[in-house]
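Taking it in order: structure first as structure tokens, then the write-up.
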Amino acid sequence: MKITVLDGHAANPGDLSWEKFKDFADLTVYDRTRPEDTVARIGTSDGIFLNKVLITKEVLDLCPNLKYIGILATGYNVVDLKACSERNIVVTNIPAYSTESVAQHVFSLILNFTNLVQLHNDSVKNGDWIKSPDFCYWKKPLSQLCEKTIGIFGFGSIGRKTAEIARAFGMNVQICVHNKNSFTGTEKSVSFSELLSSSDIITLHAPLTEETSKIINRKTLSLVKPEAIIINTARGGLVDENDIAQALNENKLGGYGTDVLSSEPMSQSCPLLHAKNCVITPHIAWAPKETREKLFEIALENLKAFLSGNPINQVNK
């Protein structure tokens, strides 16, 4: 089987190995692929692995040999699933591989707002503690998480792990269930409007769909406490970035911490770039080496299962 990896650098910038995949396929790896090069690089391949390269109906029309598409991520909105099903192309993803690392990143962003470690480290390195007449000082008010209320929108594996960590901090956990099948009944379930209005911290863990697109917007932000913090490690498109920026700049929102944007990589015109109290990381919640090693293990199992005629983690039928 001939397989092409279209954008391997994202999952493997050089610290992992593709060698095990070569036991099952004639493998060609490209670090990155521009849209205009996609068809030529797929060529006569029977299968492809990709992360964020768009596979549209038009691409599929020009690549008739394709039988398998392995997405090296959980989200699969980059592939036209309907067009793949019509062509009997099996599409698989990597579910639940990054649960622990993403939940960890959620609290990295939260603690950046509550403990202000970077702000005070910079202050100390600038000599402020040396000049201080007191044994301690703080540049801005600090806050503790214990007894604060965290609202979790979406309660899949990452949402559940986030709740577990929140309870360890002594937080009150409430959820708004996006997928009712994921609710175990052990958490306080509230409506979306109540989640927004009664939470001190709101963290987003829902997929990007027509229903959830820009679900955080000017109207819904009006329900949020002006001192509340919103965290987004799911999809940039869940929020209206213009409305978030305006709320931050007008002191109608306490903070926004995000690992994702509606357009990636970030553009110079992104309204969040210079917004007040906005912390942005470049889509790295999934990036610890241990997490990517797990991704590779699942991707290899997906390929082996496909070759055996019994696909697993298939996202189209």
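Whole Å is fine, so just give me how far the alpha carbon centre of segment 92-113 lies from that of segment 16-70.
Computed from Cα coordinates, the inter-centre distance equals 27 Å.
Give me the percent of accessible area attributable to carbon and sulfur for segment 196-268, probe 1.4 angstrom.
Roughly 48 percent, rounded to a whole number.
In segment 182-317, if every C-alpha pair distance is counted and binned at 10 Å from zero, what percent goes to each bin?
Bin by bin from 0 Å, the calculated values are 11, 33, 29, 19, 8, 1.
By how many nm would the segment from Lys125 to Thr281 lengthen if fully extended, with 0.36 nm per residue of separation less the alpha-carbon distance?
Here the segment from Lys125 to Thr281 would lengthen by 53.9 nm.
Kindly work out what percent of the DSSP beta bridges joining two residues of the chain are antiparallel, to the nearest 5.
5
Given contacts defined as C-alpha pairs under 8 Å and at least six residues apart, what's the relative contact order of the chain, whole-number percent?
Values: 568 pairs, mean separation 50.0, N = 317.
Averaging sequence separation for qualifying contacts and normalising by length gives 16 percent for the chain.
With only Lys, Arg, Asp and Glu charged, each at its Cβ (+1 for the first two, -1 for the last two), find how big the charge dipole of the chain is about the Cα centre; round to the nearest 20 debye.
It works out to roughly 320 debye.
Need one number: nm distance between label points at Phe135 and Glu290, each 7 Å from Cα along Cα→Cβ, rounded to one decimal.
Inter-label distance under the simple model: 3.6 nm.
Computed over the Cα atoms, what is the radius of gyration of segment 77-200 divided by 2.2 N^0.38 Å, N being its residue count?
Cα Rg divided by the expected 2.2 N^0.38 Å: 1.50.
Holding the Cα-Cα limit at 26 Å, pick out from Lys20/Lys57; Lys20/Lys52; Lys82/Lys219; Lys67/Lys294 the pairs that are longer than that. Provide the component values of the computation, followed by the final result.
On the way: Lys20/Lys57 31 Å; Lys20/Lys52 22 Å; Lys82/Lys219 33 Å; Lys67/Lys294 24 Å.
Long pairs (Cα-Cα over 26 Å): Lys20/Lys57; Lys82/Lys219.
Can you tell me the orientation of helix 99-114 relative to the chain, as the angle in degrees between its alpha-carbon axis and the longest Cα principal axis, to the nearest 10?
In the chain, helix 99-114 runs at an angle near 30 degrees to the longest axis.
What translational diffusion coefficient, to the nearest whole µm²/s, does segment 72-141 have by Stokes-Einstein, given a Kirkwood radius computed over alpha-carbon pairs, a temperature of 4 °C and 1.567 mPa s viscosity?
Details: Rh = 16.6 Å.
The calculation lands on 78 µm²/s.
So for segment 1-149, Kirkwood radius off the Cα pairs, Stokes-Einstein at 25 °C and 0.890 mPa s: how many µm² s⁻¹?
So the translational diffusion coefficient is about 129 µm²/s.
Given a 1.4 angstrom probe, what's the average accessible area per residue across the chain, in square angstrom?
50
Given only helices, namely DSSP H runs of n ≥ 4 each adding -39500 (n - 2.57), what is the per-residue ellipticity at 222 nm of the chain, to the nearest 500 deg cm²/dmol?
Details: 11 runs with 96 residues, N = 317.
For the chain, the value works out to -8500 deg cm²/dmol.
Based on the mean of other beta carbon atoms within 10 Å per residue, what is the order of 256-268, 65-77, 229-241, 3-15, most packed first?
Final packing ranking: 229-241, 65-77, 3-15, 256-268.
Report the gain in length on full extension from Glu36 to His274: 0.36 nm times residue separation, minus Cα-Cα distance, nm rounded to one decimal. Before the final figure, lay out each step's value.
Values: separation 238, 0.36 × 238 = 85.68 nm, distance 3.23 nm.
Full extension from Glu36 to His274 adds 82.5 nm.
Modelling each spin label as a point 7 Å along the Cα-to-Cβ direction, I'd like the Lys2/Thr44 distance in nm, to one decimal.
Once both label points are built, they end up 0.4 nm from each other.
Roughly to the nearest percent, how much of the accessible area of segment 1-160 is carbon and sulfur, given a 1.4 Å probe?
Carbon with sulfur: 54 percent of the solvent-accessible area.
The values are calculated or read from the model by the stated rules, or taken from the named source; none is laboratory data. This one's a predicted model, so the numbers in the text were calculated from it and none came from an experiment. Don't worry about glycine lacking a Cβ; one is built from the backbone with ideal geometry, like all the others, and counts go over all protein chains shown. For the accessible areas, the whole protein counts, side chains as well, though only heavy atoms, and no ligand, DNA or RNA atoms are used. Shrake-Rupley method; radii C 1.70, N 1.55, O 1.52, S 1.80 Å.
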